Amino acid sequence: MLSGRFQHELLEAGCDEAGRGCLAGPVFAAAVILPDGFEHDLLNDSKQLTEEVRYALRIEIEQKAIAHAVAWVDNLEIDTINILNASFLAMHRAIEKLRLSPGFLIIDGNRFNKYKNVPHQCIIEGDAKYFSIAAASILAKTYRDDYMKQIAQEHPEYDWHKNKGYPTIKHRETILRIGYTPYHRRTFRVTDPQLELF
């Protein structure tokens, strides 16, 4: 069962990102402040849920959250500052967009670059432990999926509407066959799927 809050003295926002391991597209992040006592039977790590449930939960999260925001860092910035720093920057941008300023942040994962002077706690698998992080994971994932489906129309051969930019065999084979698009991260290594058979 997920918990509502890590601490109870300060206004708390949960943060998570989506798209860190992708070969193409931005990394998205979300920050969510939920009301005290918020609980939900279905809300969990976005990776554990079906697409249909994620999108249904997104509507509910946006209706019930005290504040929520989504932001991203594009592939060009990722190549410049690296994916880890880009993930932190995307979270900073999401926190910056919140209509209320949180006094405490809980972050999915084990590392984070401090945001201003706001205290934070990194929580491994936090999206399976705290409702606000789970909510942030759903917003980041669904908004990123929407973006990838949109740009998939420009480059349908890469199958982004299905793989969302992740390194599937077909995605890697297509890059090796016809090259990169302006949306690809050039600093990410693309291995030949055939090499894995040996």
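The values are calculated or read from the model by the stated rules, or taken from the named source; none is laboratory data. For clarity, every value in this text was computed on a predicted model and none was experimentally measured. Cβ coordinates were reconstructed from backbone atoms using ideal geometry, including for glycine residues, and neighbour counts include every protein chain displayed. SASA here: full protein model, heavy atoms, side chains in, ligands and nucleic acids out. Shrake-Rupley method; radii C 1.70, N 1.55, O 1.52, S 1.80 Å.
So which residues in the stretch 67-76 are in contact (Cβ under 8 Å) with a residue 40 or more places away in the chain and either part of a helix (DSSP H, G or I) or hydroxyl-bearing (Ser, Thr, Tyr) (or both), if there are any at all? If the condition is that a residue be in contact (Cβ under 8 Å) with a residue 40 or more places away in the chain and either part of a helix (DSSP H, G or I) or hydroxyl-bearing (Ser, Thr, Tyr) (or both), then Asn75 is the only one that fits. Consider the stretch 147-169 and keep the residues that are of a type in the set (A, V, I, L, M) and either in contact with a His (Cβ under 9 Å, 6 or more places away or on another chain) or open to solvent by less than 20 Å² (accessible area, probe 1.4 Å) (or both). The one that is farthest from Tyr180 (Cα to Cα) is Met148. Kindly indicate whether Ala128 is within 14 Å of Gly14 (Cα to Cα) and modelled with pLDDT under 95. The answer is yes for Ala128. The set of residues in the stretch 85-130 that are surrounded by 14 or more Cβ atoms within 10 Å (Cβ to Cβ), touching a residue at least 60 places away in the same chain (Cβ under 8 Å) and of a type in the set (A, V, I, L, M) comprises Ala90, Met91, Ala94, Ile95, Leu98, Leu105, Ile106, Ile107, Ile123, Ala128. Of the residues Arg186, Arg172, the single one that is farther than 25 Å from Ser46 by Cα, open to solvent by 10 Å² or more (accessible area, probe 1.4 Å) and either in contact (Cβ under 8 Å) with a residue 60 or more places away in the chain or in contact with a strand residue (DSSP E or B) (Cβ under 8 Å, 6 or more places away or on another chain) (or both) is Arg186. Taking the stretch 12-33 as the range and being of a type in the set (D, E, K, R) and open to solvent by 10 Å² or more (accessible area, probe 1.4 Å) as the test, the residues that pass are Glu17, Arg20. Are there any helices (runs of 4 or more DSSP H) wholly within the stretch 100-198 with 3 or more residues that are closer than 20 Å to Leu49 by Cβ and under 16 Å from the mean Cα position of the chain (by Cα), and if so which? Fully inside the stretch 100-198 and qualifying: 131-152. Among residues of the stretch 39-66 being among the polar types (S, T, N, Q) and in a loop (DSSP other than H, G, I, E, B), the one that is most open to solvent (accessible area, probe 1.4 Å) is Thr50. Whenever a residue of the stretch 28-48 is farther than 21 Å from Met91 by Cβ, its partners that are among the basic types (Lys, Arg) and surrounded by 11 or more Cβ atoms within 10 Å (Cβ to Cβ), lying with C-beta atoms within less than 8 angstrom and at least six residues away or across chains, give the pairs Pro35/Lys64; Asp36/Arg5.
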